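Reading through the C-alpha cells given below for one structure.
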C-alpha cells in the first residue's frame, strides 16, 4: 500500500498520518505529544503490545479499558487512544465493538484521538477493510474473550453474522471524516504486524 496515497486520502478527511518503522519510535512520538493530560485508552492489543500505557502513565492521568473499572473514566478523557480493526487506503477507518464504549469514545468526547495501528490493519479499499474487520479482527477478538460463537468454533474463522448472546460484534463505526467534535485525529502507523 502506498503510504503517500493513504496520507493524502486521510488528509482530505481531516485526519493526520504519522508513520514509524518501529513501535519504540511511535511510543516516543506519542509520549512527547501527550503530556499532563487525562488519557483514555481503549481495549487495544496493539497498545498493549507496544507498551504505551507504561510510557504515558508516568506523566499523564491514564485510564485504560484493560484495567478494571476504568472504562467510564477513559471515555471522559481529553485524549483518547485506540487501535482500529482496519484502515482503507482510500481513507476510511473501521472499528467493530461489543459494548460501544470504544467506538463512542473515538467519535465524540475527546478533543484529540490517536489510532495506533500495525501495517497488518491496512486494506486496499473500504470493502476489503470491512471484510478484514469482520473476518480477521473480529474472530480473533472473540477468541481472546473466550466466546462460544461460530466465528471461533467453526473452521476457518470468519463472521457468520450470528445471533449468539455471546456475540461481540454489535456496533460498527466507519469514520468517513474527522468528527466535528474532535480537534485533532491522527493515525499512528507502525511498520510492524501488531494486534488483530
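Scanning the range 178-191 for residues that are surrounded by fewer than 18 Cβ atoms within 10 Å (Cβ to Cβ) and touching a helix residue (DSSP H, G or I) at 6+ places or on another chain (Cβ under 9 Å) turns up 179, 181, 191.
For the range 59-108, filtering for residues that are in a loop (DSSP other than H, G, I, E, B), without any contact (Cβ under 8 Å) to a residue 60 or more places away in the chain and within 13 Å of the chain's Cα centre (by Cα) leaves 1.
From the list 130, 122, the one residue that fits, being over 27 Å from residue 29 (Cα atoms), in contact with a strand residue (DSSP E or B) (Cβ under 7 Å, 6 or more places away or on another chain) and at pLDDT 95 or above, is 130. Residues that are over 24 Å from residue 75 (Cβ atoms) and buried (at least 18 other Cβ atoms within 10 Å of the Cβ) within the range 11-33 comprise 17, 20, 23, listed in sequence order. Restricted to the range 14-32, and to residues that are without any contact (Cβ under 8 Å) to a residue 60 or more places away in the chain and under 19 Å from residue 110 (Cβ atoms), which residue is farthest from the chain's Cα centre (by Cα)? Checking each candidate, the answer is 32. Which condition from (1) assigned to a helix (DSSP H, G or I); (2) closer than 25 Å to residue 79 by Cα is the one that residue 181 breaks? Every listed condition holds for residue 181 apart from (1). Between 36, 40, the distinction of being touching a strand residue (DSSP E or B) at 6+ places or on another chain (Cβ under 7 Å) and either surrounded by fewer than 16 Cβ atoms within 10 Å (Cβ to Cβ) or in a strand (DSSP E or B) (or both) belongs to 40 only. Being modelled with pLDDT under 95, loosely packed, with under 15 Cβ neighbours inside 10 Å and in contact with a helix residue (DSSP H, G or I) (Cβ under 9 Å, 6 or more places away or on another chain) is a condition met by at least one residue of the range 94-114. Hey, any hits in the range 78-85 for a residue that's crowded, with 24+ Cβ neighbours inside 10 Å, more than 16 Å from residue 171 (Cβ to Cβ), in contact with a strand residue (DSSP E or B) (Cβ under 9 Å, 6 or more places away or on another chain) and modelled with pLDDT under 95? No, that holds for no residue. Go through the range 7-33 and report how many residues are within 24 Å of residue 102 (Cα to Cα) and part of a loop (DSSP other than H, G, I, E, B). Residues meeting the conditions: 3.
The values are calculated or read from the model by the stated rules, or taken from the named source; none is laboratory data. Bear in mind that the values here come from a model prediction, so they are computed numbers and not experimental data. In this analysis, Cβ positions are derived from the backbone assuming ideal geometry, glycine residues included, and neighbour counts consider all displayed protein chains.
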